[in-house]
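Report on the structure given below.
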Amino acid sequence: MSELADEYRLEYFEEEGFERKECPSCGAHFWTRDHGRETCGEPPCEEYGFIENAGFDDEYSLEEMREAFLSYFEDHGHERIEPYPVAANRWRDDVLLTQASIYDFQPLVTSGETPPPANPLTISQPCIRMQDIDNVGKTGRHTMAFEMMAHHAFNTREDAPDEYAYKGEVYWKDETVELCDGFFDSLGVDLDEIIYIEDPWVGGGNAGPAMEVIFRGVELATLVFMSMEQDPDGEYEMKDGNRYSPMDTYIVDTGYGLERWTWVSQGTPTVYEAVYPDMIEFLKDNAELEHTDDEEQLIHRTAKLAGHMDIDEAEDMETARGEIAAELDVDAGELEALMEPLEDIYAIADHCRTLAYMLGDGIVPSNVGTGYLTRMVLRRTKRLCDTVGVDAPLDELVDMQAKRLDYKNRDTIRDIVRTEVEKYRETLERGGRRVEAMAEEYAEKGEPIPVEELIELYDSHGLQPDMVEEIAADAGAAVDVPDDFYSLVAKRHETPEAADEDEDEDERFEDLPETEKLYYDDQQRTQFEAVVLDVFEREESYDVVLDQTMFYPEGGGQPADQGTLSTDDTTVEVEDVQIEDGVILHRTDESPGKGEFVKGQVDGTRRRQLMRHHTATHIVIHAARQVLGEHIRQAGAQKGIESSRIDMRHYARISREDVKRIESLANDIVMDNTAVTQEWPDRHDAEAEHGFDLYQGGIPPGEQIRLIHVDDDVQACGGTHVARTGDIGAIKVLNTERVQDGVERITFAAGDAAIQSTQRKEDALYEAADVLDVSPADVPETAERFFEEWKGRGKEIEDLKEQLAAARAGGGGGGEEVDIGETTAVIDRIDADMGELRATANALVEEGKIAVLGSGESGAQFVVAVPDDSGVNAGEVVGELASRVGGGGGGPPDFAQGGGPNVADLDAALEDAPDVLRQVQDA
RNA sequence: GGGCCCAUAGCUCAGUGGUAGAGUGCCUCCUUUGCAAGGAGGAUGCCCAGGGUUCGAAUCCCUGUGGGUCCA
């Protein structure tokens, strides 16, 4: 780390008279103008110095502070950029949530492949950090949702190759620190109080020098100078133990926590009171929380020390609280009773804001991905509300924040929250019953509920151990929750690492030029001419590379085209088409010959169906959006010839009514016969105009992206489309299903396939109508009547069988009667089903007789029933008889069944029955 | 994307390969006519669907459908 020390010797520090010092308490190196200063100024080395001692000239609200920051940097040459969604997985697949402003520009801008939207730029980016969840409310400074205000500059080295999307240096370390100082100065801060702590940064494969900016005990900004990348041979070893070397791009990545700045400007005891004063008032009032003046005093004094409460750093909550209580000379229990409800309320306010961001940006709760995180936050919030006694509906609380954040989809947000709360209530109710039953069982045995059961309850039924404890206590059962409970759960999920199949990159195509894509020029054409650049032999086929092609390679959920390539001498079949690094490979059955001039013919019927389905996909999702809500977003799609399917994020099942409306809307668009158009705008312009909803089917790279317009719908898409919506002919929804919670799949057919699928369904209906001998319209009613009658007859038959059995037993209808000891046994062959045999046997037993009945109806079967105290074990008898027909049997001692495949031996077995009975009785 | 759990009477659920059950609700009657009252009797069911194993499957195995839950 010492190797980086030179990185902090800035000319700006020199000119401004800064001094480099080492903190005697924690050992950190820091820069300050105040030559008398000793410690680094950050907790735990120092306490907060701004509480009830606001640090700036004026108090700022959240909105005012954001504006002050953005306009300061605008005035200093930065362009203001609109924030990105909190769901970072909308433009990158390596993370779920936006955790910092730099996430907006990873990976394509930071790597230099795509230019930034502006350079330098300033932004206030909403972020969510789930890892802070346990600290929220308790430390007074942690929030799960926050805005990271930032200024970024993207630079490349003078000697870097020409391949980067931006060139040269905008500004670097000195200017960054100067701007930071300048912003403090603009708020009226005495610059002697600002401390810059050296704290090298590592993350996501990059690293660089960085500084924490401290003012009155609180970290207000982080200035990161991203300039290195991971490299086993690198000259710098960083704190993560890896080696790093300098890279061609170097980027100014700063973060100024909007909430912290707002807080410091007001000097309130906690950040929460500065950021959501109205909501906290509301919650306190709703939970009927009131404090005396003395208690208020104590709360304020606690707040100043609360920096020590950090779940990660402090040993545990209780210890930290104990220390604070000792320092304030109050009872730890009393302090806890006073602070805990307040902490819950702070957390509720924060969590509601988190939910507003998540749901406002269109995340749908689910059991996967961001949807799962959203569900976790929502349930946690609901629990906190119940604990502290807030009885206002959760959707109202979330709406308060959504309104403040100016989201337009507030009705949907409320609807989702209500649905989720209801689902959670049902889960708890179900779980509660389960725990009650289990608790009673263990209470009876006088044992505690074992850990295995606890893990099962949590993992499969979503019940927190403390909730189980609570419910079980009512039933008088003890619960022993181990400290490492959650790691035990984690252990249960451990699976042997699946060997990841590394795709062997084909390097044969590296020297070939990118194939010219003719299919975008005119999507309706199916013929073209080209030159064969190369042919590669595969196991049972050939990969043909052309200079240009009309063949569409598999991509974006659209299957590849098929067709032929012809020379003067031969015609080869194109069976599959793939694209690798811009080179399109035509997989053929024969080689057309390298250097040949070929005529290509795409299978037009197949392509037309694919185009219909692709355009129809856009139309269906557009229609679904109008019917189900603006949150509808594609979660996957697959086009086909016969049918296509799209998966979309939605929080409820799609009803039959919804389907009908979607279908009608989709066909309205078809019948309008509007033009389907494409354009290739600059990606940043497109994003600015249409937002990230463009990227329904994935994020294409490059500076220009292809947009497809259908009706009002705009999507980034690389597929082929029909010219006018009328070309689709018709759209028919075939099926809907829930792929996973929060993801609904619609399967549909377009064009010919729509007609055919409708005909197939009608055929089925007509056939059913024919069988029932009624008109199709009467099928449902008739089917119901038949089903009811069928059930009625079943009951009647059961009834008659019993009567028959009773009659047979009473009337001595055939069958051999033998005396077995003091009991009479009836041995008979009745070729009937098991039910009838059983009924007859029961009737005989009623009369005090042993019944040995055989049937040859389906295989050889026996029923043996005996009255009490006959001294015969029915199971043994059946076992013996069944073995004679090649099978087995068994059952309780008074009623046994069995059989075997050899019907021919049935009569012989029955003849032996009296002997068997006597043997068994003697035994 | 992966793991685990569940599907039986209208509802809530027992049922570990051998005659489908309980509580509750429902119907009838009796007793009472005030607090989710008491007593007697009765009806409840394609045990989610399809395949397999077995003499025999609600039960074991596979596939599907519908739901729940945990993790990244």
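Observations
- Length released on extending from residue A:61 to residue A:699, taking residue separation times 0.36 nm less the Cα-Cα span: 226.0 nm
- The angle between the Cα long axis of helix A:451-461 and the main principal axis of chain A comes to about 80°, on a 0 to 90 degree scale.
- Put a dot 7 Å past the Cα of residue A:240, heading toward its Cβ, do the same for residue A:16, and the two dots end up 2.9 nm apart.
- Full-stretch length increase - residue A:163, residue A:672 - with 0.36 nm per residue and alpha-carbon distance subtracted: 178.6 nm
- Calculated mean residue ellipticity, 222 nm, chain A: -12500 deg cm²/dmol, from DSSP H runs (n ≥ 4) at -39500 (n - 2.57) each, averaged per residue and rounded to 500.
- log₁₀ of I(q)/I(0) at q = 0.15 Å⁻¹ - the stretch A:49-274, Debye sum with one point per alpha carbon: -1.05
- Of all DSSP-defined beta bridges confined to chain A, some 95% are antiparallel rather than parallel.
- Where chain A is the region considered: accessible area per residue in Å², 1.4 Å probe: 47
- Each 10 Å bin, from zero up to the one with the longest distance, holds this percent of the alpha carbon pairs of the stretch A:736-885: 10, 24, 18, 12, 13, 15, 7, 1, 0.
- The Cβ shell under 15 Å around residue A:876 holds other residues with a net charge of -3, Lys and Arg each +1, Asp and Glu each -1.
- Alpha-carbon gyration tensor eigenvalues x 5, square-rooted, for the stretch A:276-408, Å: 30, 18, 12
- Accessible-area composition of chain A, carbon plus sulfur, in percent [1.4 Å probe]: 43
- Here the Debye sum runs over all C-alpha atoms of the stretch A:506-654 as equal scatterers in vacuum, and log10 of I(q)/I(0) at q = 0.13, 0.19, 0.20 Å⁻¹ comes out as -0.63, -1.06, -1.15.
- If the segment from residue A:248 to residue A:294 were pulled out straight at 0.36 nm per residue, it would be longer than the present Cα-Cα gap by 10.6 nm.
- Its Cα gyration tensor gives the stretch A:634-748 an equivalent ellipsoid, and the semi-axes of that ellipsoid, as √(5λ) in whole Å with the largest first, are 25, 19, 12.
- For residue A:684, the accessible area of its heavy atoms, probed at 1.4 Å with every protein chain present, is near 30 square angstrom.
- Accessible area (Å², 1.4 Å probe, nearest 10) - residue A:674: 40
- C-alpha long axis of helix A:173-186 to longest principal axis of chain A, angle in °: 80
- The stretch A:49-274, relative contact order [Cα under 8 Å, separation at least 6], %: 24
- Candidates A:910, A:881, A:920 compared by Cα position along the dipole of the stretch A:813-922: farthest toward the positive end lies A:881, with charges placed on Cβ.
- Ellipsoid equivalent to chain A - semi-axes via the Cα gyration tensor, in Å: 66, 46, 27
- For residue A:103, solvent-accessible area (1.4 Å; no DNA, RNA or ligand), Å²: 50
- Relative to the longest principal axis of the Cα atoms of chain A, helix A:410-445 runs at roughly 60 degrees.
The values are calculated or read from the model by the stated rules, or taken from the named source; none is laboratory data. Remember, it's a predicted structure, so these values are computed and weren't measured experimentally. Here the Cβ is made from the backbone with ideal geometry for all residues, glycine too, and neighbour counts use every protein chain on show. Surface areas here come from the heavy atoms of the whole protein model, side chains and all, with no ligands, DNA or RNA. Shrake-Rupley method; radii C 1.70, N 1.55, O 1.52, S 1.80 Å.
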